[in-house]
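Have a look at the structure below, then the notes.
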Amino acid sequence: MTLTLANHPITEFFAGPKTLLDGSRLQVDLEELRRYLLEDQRLESVALEIVSPGDPCRVGYVFDIVEPRAKETGAGPDFPGILTPIASAGQGTTHVLRGTAVAVVDGGQPGGERGYTSRRGGGAKILEMSGPPSQASSFGNLRHLVVVPHPHPEVARHSVLNALRLASVKASVYLARTAQGKTPGSTQVFDLNGAGEDGRKGLPRVAYIGQVHGHQHGTEVDEHILYGGNTRGMLPVPLHPNEWLDGAVVVSYSWGARGLDTYFHQNHPIILDLYRLHEAKEITFAGVVATTSSGQLDELNRNCMVAAQIVKHTFKADGVIITKYAGGAPHSDMFETARLCEDLGVKTAIMVSDTAPDRRAESAALMNIPGVDAVVNVSEAADISWPAPAVETVIAGNPEVETLLANLTELPGVSVCGVTNNQGASRLQSIMY
Amino acid sequence: MRVVHYLNQFFGGVGGEEQAGLPPEIRPGTVGPGRLLEQALGDGSHVVTTIICGDNYAAENVQEVTAMVTQQVKEAQAELLVAGPCFQAGRYGTAAGAVCAAVQDNLGIPAITAMSGENPGVDLYRESIYIVDSGDDVSRMRGVLAETARLGNKLVGQGVIGRPADEGYFSQGKLRSEFVENTAARRLTGMLLSKMRGEAFEAEVPIKSIDAVPAPPPVPDMSRATVAIVTDGGLVPKGNPDRIPRAFAQVWGAYPIEDIESLRAGEYEVAHGGYDNRPVEQDPHRLVPVDVLRQMERDGLVGKLHPEFLSTTGNSNPLENSRRMGREMAARLIEAGVDSVILTST
């Protein structure tokens, strides 16, 4: 399976009479895009704006951030299971508009705290385009198309979320189709076809197990996560890493503030780093497993066992990196999977995100399992905040949130998109003093 | 800078174990390793007072000795207290930690000591004071004093104290978020490769054993026992009268169930942000099984269901806080004559 990413760096992104890519200048006909998105009859209206790095602008609350990508004509499906019928992602050429993103804003539903109910369990997250918070975010240096879908009031909440997801991938593909047939600035080729080739003998085989959802808070029936499926009752599934990078995986209606973004499924930092090591012949990249954290004990035991077995016996891995979904409970599944892998002789490294509100290491040490001793700790930014930069524009899903965002004096790190991340993208670390 | 130095009888040159009962003695100026300490602290620093105390005396009279050292530091108008280095000497290390912590807490004056990782003083005091890792080789005295002096000077000068490994002190177990050069992904792959190659690597959280809880003896006769239900799943009466938060709860509640046959949906809610609350709100017995226990009461399988259940939220709770709430709950239940407890979680 070979995936070629055709990278088109974008230096200008602006609205215009026609949607087209001219070199590195991306022009978008917002009216045409609006008509396309409004084909979804659940939506009453859609607001569209383009924001750039340094703009005194605040956006919230963000549903998801997606990198604009589209397959070359005839090369395969875009976001299969969501936007197109099921077909394998991960092969052929995919055009990427580097330096841009689609940020979809959730208007929430009336009620709840501050006139707004956020997604399950999660804090609401903000995209900040200027000042120190933007520099601390993985998304502050991108040019964003901000999409604010307004659903009809009678549409059920799960269906609203489904409509937001659909809008996010439609806008992403719509933009990137401008690159079809165009010569990219650079290309990257991803394949593991040489995994058995000479010169790899003796190299350690390394796999990755990633939780793509946490069943701690349930799942909507029409929620798209893996090839469009909602992962209910899903056993761990071995994937080719290219599938993961190429639209087979999007984030669930997640805990945004804790950091999982579709952008970092498309640019998965761990998968990309394992590819880097594979190409450098330091390791052989053995494969990836998508799994979930469980809501019930028997499910946990079943999933952890199956994931460990795949890594050991199918991938024949010597080592594995395991990451979790956002929140505390998914640590259980991650640690148990790691314990089983270690028992099978597969060395593990895992990533925790400590939630210790007292900032004491004692409270951060969630579990102690012999052999599970390689632990990276990403901070959840409980002790990081910035004075809110002055903004001229606030883009929000409803007037209550707009007022709230406009009057913020402080931006907690946990609420800024792209500061914390459970996919390996974050540079924020909890350091023990 | 004016410095007070605390030594035990051995390093104070008074004698060995036979002098361990020595009450504190005050000497002006340096004694024993104090001279090297003074040199290491640099020009302008003077050990103005040295306190020498026997190891046993300090162990048996902790409050008196810490009060006395605090008073001496105050009277000497010192800016720094140095205790030790203590290396592996356990009683010495424990006393050094105690006097440093007392001076720091009561006077707000920095205090520093040094000992080896095995010294019990480390676990007792590492979270409250700076303890330089001396190792256990006493012949390294000069080097250890130099490291102690360097960090001591920083403490007095309000300099930025770096990470434990860089500065040579035992971690105080405090977490700080910092932006670092490498992404978490890069750190993960690096750590895994090191581990697979058998090279040294360091976990980013403490890999620390959590106290094992010994299994309690069995309840001799459940048919005579009073049984209480305690949950950390956050079930509370509608309206959440104790305002138990959905995470980081500092409080717990006790809610009456006397004469209640079963818990009715709608009369309870869940204060817990860590799971899908709906199944419990639909039927609270899924978390607090009053119905089953009433039946067991009737069947004579348990003596009596305690007339209240206790509830809090376990979600993201710091250990120290959980321990406190556990102690408070246990005290209330023991006071009420409860014989056994069923703990339910989520």
Assigned charges on the beta-carbon of Lys, Arg, Asp, Glu; region A:191-379 dipole about Cα centre (debye):
340
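Once you have the alpha carbon radius of gyration of chain B, what is it after dividing by 2.2 N^0.38 Å, with N set to its residue count?
Numbers: Rg = 27.5 Å, N = 346, 2.2 N^0.38 = 20.3 Å.
Cα-based Rg divided by the globular estimate yields 1.36.
So what's the back-of-envelope 222 nm ellipticity for chain A, counting only DSSP H runs of four-plus at -39500 (n - 2.57) apiece and dividing by all residues, rounded to 500?
Numbers: 9 runs with 89 residues, N = 433.
The helix-only estimate for chain A comes to -6000 deg cm²/dmol at 222 nm.
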Estimated vicinal HN-Hα couplings, Hz - region B:289-297 in sequence order (Karplus 6.51, -1.76, 1.60; Gly, Pro = x)
x, 4, 4, 5, 5, 4, 4, 5, 4
Shape call for region B:222-344 from the C-alpha gyration tensor, a ≥ b ≥ c root eigenvalues: rounded (a/c under 1.5), prolate (a/b greater than b/c) or oblate?
oblate
Counting only DSSP beta bridges fully inside region A:191-379, the antiparallel percentage to nearest 5 is 20
Charge-dipole axis of region B:2-167 as Lys and Arg at +1 and Asp and Glu at -1 on Cβ define it, positive-most pick from B:31, B:89, B:153:
B:153
Expected unfolding gain across residue B:221-residue B:179 under the 0.36 nm per residue rule, minus the alpha-carbon gap, is 9.4 nm
Lys/Arg +1, Asp/Glu -1 at C-beta; region A:216-348 dipole; positive extreme among A:253, A:303, A:216
A:303
Give me the lysines in straight-line cross-link reach of residue B:74: C-alpha distance below 21 Å, same-chain residues under 8 apart excluded.
B:154
Between A:207, A:47, A:365, which gets the highest mean-square fluctuation from a Gaussian network model of chain A, Cα cutoff 10 Å?
A:365
Could you work out which residue, out of A:357, A:80, A:238, moves most in a Gaussian network model of chain A, that is, has the largest mean-square fluctuation with Cα springs under 10 Å?
A:357
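Run lengths n ≥ 4 of DSSP H only: what is the helix-derived mean residue ellipticity at 222 nm for chain B, with -39500 (n - 2.57) per run over all residues, to the nearest 500? Before the final figure, lay out each step's value.
Details: 11 runs with 117 residues, N = 346.
When only DSSP H runs of four or more count, the value is -10000 deg cm²/dmol.
Hey, got the average number of other protein chain Cβ atoms within 10 angstrom for residues in B:328-338?
Numbers: counts 0, 0, 0, 0, 0, 0, 0, 0, 0, 0, 0.
Shielding by partners across B:328-338 averages 0.
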Label point distance in nm, residue A:25-residue A:152, each placed 7 Å from Cα along Cα→Cβ
4.1
Out of all DSSP beta bridges with both ends in the protein assembly as shown, state the antiparallel percent to the nearest 5.
45
Can you sort A:10, B:161, B:334, B:112 by how many other beta carbons sit within 10 Å, fewest first?
B:334, B:161, A:10, B:112
Could you work out the mean count of beta carbons from other protein chains within 10 Å of each residue's beta carbon in A:363-370?
5
Compute for region A:191-379: radius of gyration divided by Kirkwood radius, i.e. Rg/Rh, restricted to C-alpha atoms, rounded to two decimals.
0.95
Between residue A:369 and residue A:343, how many nm apart are label points set 7 Å from Cα along the C-beta direction?
0.9
Can you work out the Karplus-derived ³J(HN,Hα) for every residue in region B:302-307? Use 6.51 cos²θ - 1.76 cosθ + 1.60 with θ = phi - 60°, whole Hz, and x for glycine or proline.
10, x, 7, 8, 4, x
For the residue B:25, residue B:136 Cβ pair and Förster radius 41 Å, calculated FRET efficiency rounded to 0.05 is 0.95
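Let me know the charge dipole size of chain A about its Cα centre in debye, to the nearest 20, where only the beta-carbon of Lys, Arg (+1) and Asp, Glu (-1) is charged. Working shown, then result.
Numbers: 35 positive and 47 negative charges, 131 e Å.
Dipole about the Cα centre, nearest 20: 620 debye.
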Could you give the radius of gyration (one decimal) and Dmax (whole number) of the Cα atoms in the protein assembly as shown, in Å?
30.4, 95
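Report the antiparallel proportion of the DSSP beta bridges in region B:2-167 as a percent, rounded to a multiple of 5.
Details: 4 of 22 bridges.
Restricted to region B:2-167, the bridges split so that about 20 percent are antiparallel.
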Which GluC sites (Glu not before Pro) from region B:173-208 combine a DSSP loop assignment with at most 15 other Cβ atoms within 10 Å?
B:181, B:199, B:202
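What is chain A by shape, rounded, prolate or oblate, if you read a ≥ b ≥ c off the alpha carbon gyration tensor as root eigenvalues and call it rounded for a/c under 1.5, prolate for a/b larger than b/c, and oblate otherwise? List each step's numbers first, then the result.
Values: a/c = 1.63, a/b = 1.24, b/c = 1.32.
It comes out oblate by the Cα gyration axes.
Summing +1 for each Lys or Arg and -1 for each Asp or Glu, what net charge is found among the other residues whose Cβ lies under 9 Å from the Cβ of residue B:307?
Working: positive: B:304; negative: B:258, B:259, B:308.
Local net charge: -2.
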Let's see if you can work this out: charge +1 on each Lys and Arg Cβ, -1 on each Asp and Glu Cβ, no other charges. What is the dipole magnitude of the protein assembly as shown about its Cα centre, in debye to the nearest 20?
1340
Order of A:4, A:284 - criterion: other Cβ atoms within 10 Å of each residue's Cβ, fewest first
A:4, A:284
Tell me which trypsin sites (Lys or Arg not before Pro) from region A:197-296 have a DSSP coil assignment and no more than 10 other beta carbons within 10 Å of their own.
A:201
Name the residue from B:249, B:318, B:262 whose Cα lies farthest towards the positive end of the charge dipole of region B:222-344, charges +1 on Cβ of Lys and Arg and -1 on Cβ of Asp and Glu.
B:318
Once you've got the GNM for chain A with C-alpha springs shorter than 10 Å, pick whichever of A:419, A:102, A:372 has the biggest mean-square fluctuation.
A:372
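Given the pairs A:125/B:195; A:281/A:312; A:182/A:324, which are separated by over 30 angstrom at their Cα positions?
Working: A:125/B:195 36 Å; A:281/A:312 21 Å; A:182/A:324 38 Å.
Correct reply: A:125/B:195; A:182/A:324.
For region A:32-112, which GluC sites (Glu not before Pro) pass both filters: DSSP loop (anything but H, G, I, E, B) and at most 16 other C-beta atoms within 10 Å? Let's see the in-between values first.
Numbers: sites: A:32, A:39, A:44, A:49, A:72; in loops: A:39, A:72.
When the GluC sites (Glu not before Pro) of region A:32-112 are filtered for loop state and at most 16 Cβ neighbours within 10 Å, A:39 remain.
None of the figures in this text is laboratory data; all of them are computed from the coordinates on show. All figures in this text were calculated on a predicted structure; none of them were measured in a lab. Counting neighbours? That spans all protein chains shown, and the Cβs are built from the backbone with ideal geometry, glycine included.
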